[in-house]
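Novice: What follows is a single structure, and I will ask about it in a moment.
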Amino acid sequence: MNKINLSQHLFNYALVAALIISQTYSVFSQETTCKVLVPAISDIYKGECKKGFAHGQGLAEGIDTYKGNFKKGYPSGKGKYTWENDSYYEGYWKKGKKEGFGKFVFFINDQDSTLEGYWKGDRYIGENRREINYRVFDKRNIDRISFMKKLDEGNTIYVIITRMGTRMGVNNLRLLYDSGNDIYLGSIFGFENVEFPFKGIIKFSAPNKLNTQIYEYILEFEIVKPGTWDVNIII
């Protein structure tokens with residue numbers, strides 16, 4: 001009986017070990033097959049994945065090397081990118097481009113030089129951050145957006161939706177915001193008693209330009225500088 005029990009225990013142990021090894025190999029395979037969308041670092045990837053793309057913390061290698069945060073296959077967030085010639089940039093990224101504060105160390109005539117400060121769309125903009133009045137985080141099915149500060153005083157944001165210069169009524173209007181309350185004045189709506197910086201999300205539905213389908217529209221934005229603002233959404 002003891003021999004049978006011992007054999008059974010050994011079999012169970014071997015089965016559990018095999019399952020663990022199998023799962024580990026499966027996870028490793030998923031990680032190594034996750035796509036990195038920057039060709040120079042796309043040969044080898046080790047790290048977190050989401051829906052087949054590098055997403056989260058990871059290390060990507062090719063001609064160059066990047067270690068840090070990824071989002072949807074691109075360096076995004078904080079990370080360090082090292083080029084083939086040992087030059088490197090350490091700082092913040094957005095969709096594979098330098099964005100925000102960072103330090104770029106490069107070599108000229110075998111002497112290292114450092115460029116430290118703020119970057120926008122892969123371009124160096126200076127040691128100090130340029131004043132930002134507003135940001136757009138997400139927009140869907142919207143042609144253009146204009147932000148105009150009417151007064152330096154106040155804490156109200158008015159929103160108008162137009163098409164071809166004409167104000168439009170919309171359906172299923174939903175407003176989300178981090179301070180204040182919403183207001184409705186006919187075809188104009190918005191937010192009042194807000195605190196800056198203010199973050200808001202506007203969602204609504206309306207016909208497309210050909211009037212053949214109903215589209216869902218989304219605007220996610222932030223207004224940094226206090227005042228009374230007009231936001232014109234053109235669809």
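The values are calculated or read from the model by the stated rules, or taken from the named source; none is laboratory data. In this text, all values refer to a predicted model and were calculated from it rather than measured experimentally. Cβ: placed from backbone, ideal geometry, glycine included. Neighbour counts: every protein chain shown.
Novice: If I ask for residues that are under 23 Å from residue 90 (Cβ atoms) and either basic (Lys, Arg) or in contact with a Pro (Cβ under 6 Å, 6 or more places away or on another chain) (or both), which ones from the range 115-152 would you list?
Specialist: Result: 120, 123, 129, 130.
Novice: Still on this structure: Considering only the range 118-163, how many residues are of a type in the set (S, T, N, Q) and in a strand (DSSP E or B)?
Specialist: 2
Novice: Could you check the range 45-76 and list, in sequence order, the residues that are crowded, with 20+ Cβ neighbours inside 10 Å and outside any strand (DSSP E or B)?
Specialist: 73, the sole residue that qualifies.
Novice: Based on what the data block shows, is residue 146 under 26 Å from residue 192 (Cα atoms) and either touching an Asp or Glu at 6+ places or on another chain (Cβ under 8 Å) or exposed (fewer than 15 other Cβ atoms within 10 Å of the Cβ) (or both)?
Specialist: Yes.
Novice: Might you let me know whether the range 119-133 holds any residue that is at pLDDT 95 or above and surrounded by 12 or more Cβ atoms within 10 Å (Cβ to Cβ)?
Specialist: no
Novice: Restricting to the range 79-107, and then to whatever is surrounded by fewer than 18 Cβ atoms within 10 Å (Cβ to Cβ) and part of a loop (DSSP other than H, G, I, E, B), can you tell me which residue is nearest to the chain's Cα centre (by Cα)?
Specialist: Going through the qualifying residues, I end up with 95.
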